[in-house]
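Since the structure comes first, as C-alpha cells, the remarks are kept for the end.
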Amino acid sequence: MLDAPDVFDVFTPSSPARLALVDRRAITERVAAAVLTPGRQLLVYGPTGAGKTSVLQQGLDVVGEPVEVEVRRPGATVLTVGEVAEHADAARAVGRSRLCIVYDDVHRFSEPDRRALFDHWKGVSDLATIHPGLTQIAIAAVDEPGQLGRLSLELESRLAEVEVPPMARSEVTALLEAGAAVLGIDASAVLGDLVRCSGHLPGVAHQLMLDTCLDAGILRSGGVARLTAANARAAFRIRHAAMPRRIMAKFVTFDRSADPRERLLAAQALDLLVDAADEVVSIRRLARLVEHVYPGVGQQDVYRAVSALTAVTVSPLVERVGDGVRFRDPLVRSHWAIARVLGEF
C-alpha cells in the first residue's frame, strides 16, 4: 500500500507542482510544440512564483515520449555546442531520443554567461539535422525577454518565447482546493484570504498554504482537519517577515508620503486594486469604487488621491498604463494584501 502524501508532497513552492495544480493547457501546449519542433529553442519567462517550472514540466509531459532533462543553474558552466552534441549522443546511447538542457534562473546568470548561452544557441539549433530531439530551454524571472539582453534576429527566428503570467483568481482557488482535497482538509475558512494574498502567483499560494497547514499541525493526509483564520495569519506573518528589501523600500516610501488623508484614500484604492478582476483599472473607475465604498468622501478628494498613486511619493507601488493603474509586479500586490490583513498600513 502506498504511503499517504504529506503536506510537502502536495504544496511545493520551490519545485514543480504534481498534486496541487491546474491545467494551463494553452501554455503547456506551446511548450510541447517548441520541444517537438526540430531546431527550435525555448525561453520560458514570467514573474517569480508564476509557475514557470511547473508549466515546463507539464509541457514535457504533453510531449508523449520519454524526455531526458538536464538542469543547469547559475554558476554551472554554459555548455559549448560540441559539449551539447556529446550530451545528446550520450542520451541517445541509453535510448533517449529527446534531450532538453534546461538553464534555470537565467536572469541570475552573469552577463558573460548569458551572452555565451545565447551565442551558442544558433549552433545548437544547427544540430537539429543530427539530433532533431535536442532542445535548449532557458527559464527566467523577467517581465519581457528584452531584459535578458539583445538577441540576434537569426536567433529570434529559431526561438520560441512562452510567457507564464500570474493565474486567474479562479485558477489559484482551484489549485488550493485540489491540494486540500488530496490532504483531506477543510480550507474553506482561509481560502479567500490565501488566494487574495497570493498575488495570483501559484508559487506564493503554495507557500502560504504550506505554512498555514504547518501552523495547524497538518503534516499528512488522513482524517478531517480544518484550517482557521489564525493559522492563515501565522502564515501571513512568516511571509511578511521575509518581505524582500526592494519591496519593503517601496512600502516605506508610501508610508512617508506627505498628506495623511491622501495616503489613507490611496491605501483604500490599493485595496480595491488588489480585489479587481482586471490587472489594470482606470483611474476614474477606481475613484468611483472608492467613492462607493466611502460615500462620505468628496468625489474630487477621491479622484485626487487615486491620481496621486502615480505621484513620485507613491509610484514605487503602482505604475500608469494608459488611463489606468496597476501594481508594479504581482509580488508587490501580494505583499500589500498581506500587510493590510496584518494591519501594517
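The values are calculated or read from the model by the stated rules, or taken from the named source; none is laboratory data. Fair warning: this is a prediction, and the values are worked out from it, not measured in the lab. Every residue, glycine among them, receives a Cβ derived from its backbone with ideal geometry; neighbour counts consider all protein chains shown. Accessible surface is based on the protein model in full, side chains and every heavy atom, while ligands, DNA and RNA are left aside. Shrake-Rupley method; radii C 1.70, N 1.55, O 1.52, S 1.80 Å.
For residues that are of a type in the set (A, V, I, L, M, F, W, C) and touching a strand residue (DSSP E or B) at 6+ places or on another chain (Cβ under 6 Å), scanning just the range 23-45, find the one that is nearest to Val204 (Cα to Cα).
Result: Val44.
From Ala4, Ala20, which residue is assigned to a loop (DSSP other than H, G, I, E, B), within 29 Å of Leu201 (Cα to Cα) and touching a strand residue (DSSP E or B) at 6+ places or on another chain (Cβ under 6 Å)?
Result of the check over Ala4, Ala20: Ala4.
Take Val84 and decide whether it is open to solvent by less than 70 Å² (accessible area, probe 1.4 Å), modelled with pLDDT of 85 or more and part of a helix (DSSP H, G or I).
Considered against the rule, which asks whether it is open to solvent by less than 70 Å² (accessible area, probe 1.4 Å), modelled with pLDDT of 85 or more and part of a helix (DSSP H, G or I), Val84 comes out as yes.
Tell me which residues, restricted to the range 259-289, are open to solvent by 40 Å² or more (accessible area, probe 1.4 Å) and either β-branched (Val, Ile, Thr) or over 20 Å from Glu344 (Cβ atoms) (or both).
Ala277, Asp278, Glu279, Val280, Arg284, Arg285, Arg288, Leu289
Yes or no: Leu99 within 16 Å of Leu42 (Cβ to Cβ), surrounded by 15 or more Cβ atoms within 10 Å (Cβ to Cβ) and over 24 Å from the mean Cα position of the chain (by Cα)?
yes
Can you pull out every residue in the range 181-202 that is surrounded by fewer than 24 Cβ atoms within 10 Å (Cβ to Cβ), in contact (Cβ under 8 Å) with a residue 60 or more places away in the chain and within 22 Å of Asp6 (Cβ to Cβ)?
Val182
Report every pair of residues separated by at least 6 positions or lying on different chains whose Cβ atoms are under 9 Å apart, first residue within the range 11-36 and under 18 Å from Ile185 (Cβ atoms), second of a type in the set (A, V, I, L, M, F, W, C) and at pLDDT below 90.
Phe11/Ala17; Phe11/Leu19; Phe11/Ala20; Thr12/Leu19; Thr12/Ala20
Can you name the condition, by its number, that Ile247 falls short on among (1) assigned to a helix (DSSP H, G or I); (2) modelled with pLDDT under 75; (3) of a type in the set (Val, Ile, Thr)?
(2)
What tally of residues in the range 212-230 results from selecting those that are surrounded by fewer than 21 Cβ atoms within 10 Å (Cβ to Cβ) and either part of a helix (DSSP H, G or I) or among the aromatic types (Phe, Trp, Tyr) (or both)?
Counting residues in the range 212-230 that are surrounded by fewer than 21 Cβ atoms within 10 Å (Cβ to Cβ) and either part of a helix (DSSP H, G or I) or among the aromatic types (Phe, Trp, Tyr) (or both) gives 4.
Here are the criteria: (1) closer than 25 Å to Leu134 by Cβ; (2) not in a loop (DSSP other than H, G, I, E, B). Tell me which single one Pro38 does not satisfy.
Here Pro38 meets the rest and fails (2).
With the requirement that a residue be surrounded by fewer than 18 Cβ atoms within 10 Å (Cβ to Cβ) and farther than 21 Å from Leu134 by Cβ, what does the range 21-35 give you?
Once the filter is applied, which keeps residues that are surrounded by fewer than 18 Cβ atoms within 10 Å (Cβ to Cβ) and farther than 21 Å from Leu134 by Cβ, the range 21-35 yields Asp23, Arg25, Ala26.
For the subset of the range 118-177 comprising residues that are assigned to a loop (DSSP other than H, G, I, E, B) and β-branched (Val, Ile, Thr), which member is most open to solvent (accessible area, probe 1.4 Å)?
By that ranking, first place goes to Ile130.
What single numbered condition from (1) at pLDDT 90 or above; (2) more than 23 Å from the chain's Cα centre (by Cα) fails to hold for Arg72?
Failed condition: (2).
Go through the residues of the range 56-72 one by one and say whether even a single one is in contact (Cβ under 8 Å) with a residue 60 or more places away in the chain, in a helix (DSSP H, G or I) and open to solvent by 20 Å² or more (accessible area, probe 1.4 Å).
For the range 56-72, residues in contact (Cβ under 8 Å) with a residue 60 or more places away in the chain, in a helix (DSSP H, G or I) and open to solvent by 20 Å² or more (accessible area, probe 1.4 Å): absent.
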